[in-house]
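The values are calculated or read from the model by the stated rules, or taken from the named source; none is laboratory data. None of the values given here were measured: they were computed from a predicted structure. In this analysis, Cβ positions are derived from the backbone assuming ideal geometry, glycine residues included, and neighbour counts consider all displayed protein chains. Just the protein is used for accessible areas: all its heavy atoms, side chains included, with ligands, DNA and RNA removed. Shrake-Rupley method; radii C 1.70, N 1.55, O 1.52, S 1.80 Å.
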Amino acid sequence: QLRLVESGGGLVQAGGSLRLSCAASGRSFSNYIMGWFRQAPGKEREFVARITWSGGSPSYANSVKGRFTISRDNAKNTVDLQMSSLKFEDTAVYYCAAGRWPLERSDIDYWGQGTQVTVSS
């Protein structure tokens, strides 16, 4: 089992950058597909990015492609999301997730508790 704790959220201006980090504890961190989801006010939780256990095959939602970068460090048991060129529309609670490919909502085994990202326009 895993416990996931996000950090790095906060208030930033549009066009700025922010780096989120997810720290995992428990066994077999490297066996999971890891990813990030987000939930904006009044909307459903949506996929943002995912990465395999080896760090290959990163994938992104079209809305963030080219602006966000996901990475993982199995030695440190961490998964990061580097966000740049932030838009007001990126405002949401961001959740770290661990599960199985292709990491749809039904594939998630563990969720973090979320970290708030607010982008001012």
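Observations on the model:
- Comparison of R50, R67, R27 shows that the only residue that is closer than 26 Å to S120 by Cβ and among the charged types (D, E, K, R) is R67.
- Neighbours by Cβ (under 6 Å, 6+ apart or cross-chain): first from segment 14-31, over 11 Å from M83 (Cβ atoms); second of a type in the set (S, T, Y): A14/S121; S21/S7; S21/T78; A23/T78
- Checked against the criterion of being within 17 Å of A98 (Cβ to Cβ) and either touching a strand residue (DSSP E or B) at 6+ places or on another chain (Cβ under 8 Å) or not hydroxyl-bearing (S, T, Y) (or both), the candidates G35, G42, G15 yield just one match: G35.
- Among all positions in segment 90-98, there is at least one residue which is farther than 18 Å from G10 by Cβ and modelled with pLDDT of 95 or more.
- Scanning segment 52-89 for residues that are open to solvent by less than 60 Å² (accessible area, probe 1.4 Å), in a loop (DSSP other than H, G, I, E, B) and modelled with pLDDT under 95 yields a total of 5.
- Of all residues in segment 90-121 being in a helix (DSSP H, G or I) and not basic (K, R), the one that is most open to solvent (accessible area, probe 1.4 Å): S106
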